[in-house]
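Below is one structure; the comments refer to it alone.
FYI, it's all coordinate maths here, none of it is from the lab. These numbers come from a predicted model, not from an experiment.
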Amino acid sequence: MKDADRTIRLTAPGGAPWSSRVFTYGPMLPFAAGTAAAWWLRDDLGDAILYLTLLWACAILMFLSGVRHGVGGRTEGGPTFVVIATTLGLFGLGFLALVMAALGQSVPALVLLIGGFTGVAILDPVTARRGEAPPFLRPLPPLQIPIAILSLVGLLALKL
């Protein structure tokens, strides 16, 4: 059987479903809570919480790279070079930060993560304008990603 071109027609609701809000803002809670706890405790437990928050941030950044690729695959013509490069870049930053964290290098890991999440914050509005995200999701990431960035900057300040 030969592969054929296909047309994808999507209908998106006008408002964000509750699940989108939960899965957009819910993963940001460990960033904020981990940063607050690390600052408050400032002991071995605080260091462990900082490390776990770093691991969480790595996982979320790598997850967002997959989301970007998946959404890019649903656009007309499939994923573009820019979508693929962005996917690989975000995944690479997340994985490199994971390696740095595993090696006990939390400052370089935090710098990589801040860079990755800043990239997401810059690129999300661009992809939204190009129609590469459902309309109901467009207002959520500009409010979501700064929570991660500010939390990571808070952890970096703690480590410096």
Derived scalar couplings ³J(HN,Hα) [the range 106-117; Karplus, 6.51 cos²θ - 1.76 cosθ + 1.60; whole Hz; x for Gly, Pro]: 5, 5, x, 5, 5, 4, 4, 5, 4, x, x, 5
Orientation-averaged projected area, Cα convex hull of the range 26-159 (nm²): 7.5
